[in-house]
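The values are calculated or read from the model by the stated rules, or taken from the named source; none is laboratory data. Every value quoted in this text rests on a predicted model; they were computed, and no experiment measured them. Heads up, the Cβs are rebuilt from the backbone with ideal geometry, glycines too, and the neighbour counts pull from every protein chain shown. When the accessible area is computed, the model is the full protein with side chains, heavy atoms only, and any ligands, DNA or RNA have been set aside. Shrake-Rupley method; radii C 1.70, N 1.55, O 1.52, S 1.80 Å.
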Amino acid sequence: MGKETGTMESAVKFEDDEFLKPIRVLPDREGTPPEERVHHQRDPYGINTHVKVCFEDVIAEPAATQSFDGVWICSHVSFEFTKFVLYKVLTLVLAIPLAFVIGILFAILSYIHIWFLMPIVKTFMVILPSCKTIWKTIMDMFVSPLYQSIGRCFSAINLRFTRA
């Protein structure tokens, strides 16, 4: 139960390399020179860089309170293995149906935006300048003189507060 010294790196290592190899969906570009290869990125715009799922980002023990090294290593291995396997299973089961549903959703939103909203907005942009001219004329003829008269009537009123 003494204090362990030194740095210790722990990582999950799988014996079966065939299990971890990604499936090649894109055509093989091994014949092209390395400087001409375009690497396939799954998050090219970095929209999920905020997702931190490393063990050290989730579970961290301060220097004053640390568990046994064996417990720390076993918990690290179980965390990484569970995260790895469960993510693979969930993507295997749900990725294709969810992609289908999200594709339908974005197709509907694109359709509504292109064929419904933008024509309405453009129609209003054509109509509104003439409505603005008519509205300004009505305001200048009726409402503005009324409020100017009321303002002149109330401008002559002076209020003084005195203590009794």
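Label points 7 Å out from Cα along the Cβ direction at Val85 and Thr162: separation in nm?
Each label point is offset 7 Å from its Cα along the Cβ direction, giving 9.3 nm.
Using 1/(1 + (r/R0)^6) with R0 = 22 angstrom and r between the beta carbons of Ala107 and Gln41, what's the FRET efficiency to the nearest 0.05?
For R0 = 22 Å, the calculated efficiency reads 0.35.
Could you put Trp115, Trp72 in order of accessible surface area, largest first, with the 1.4 Å probe and the full protein assembly present?
The most accessible residue leads, giving Trp115, Trp72.
Would you please calculate the Kirkwood hydrodynamic radius of the stretch 58-150 over all C-alpha pairs and express it in Å, rounded to one decimal?
20.7 Å
Can you give me the accessible area per residue for the stretch 75-120, using a 1.4 Å probe, in Å²?
Working: 3760 Å² over 46 residues.
Each residue of the stretch 75-120 exposes 82 Å² on average to a 1.4 Å probe.
Over the stretch 123-164, with every protein chain in place, what whole percent of the accessible area is carbon and sulfur at 1.4 Å, could you tell me? Intermediate values should be presented prior to the final figure.
Numbers: 3040 of 4440 Å².
Carbon-and-sulfur percentage of accessible area, whole number: 68.
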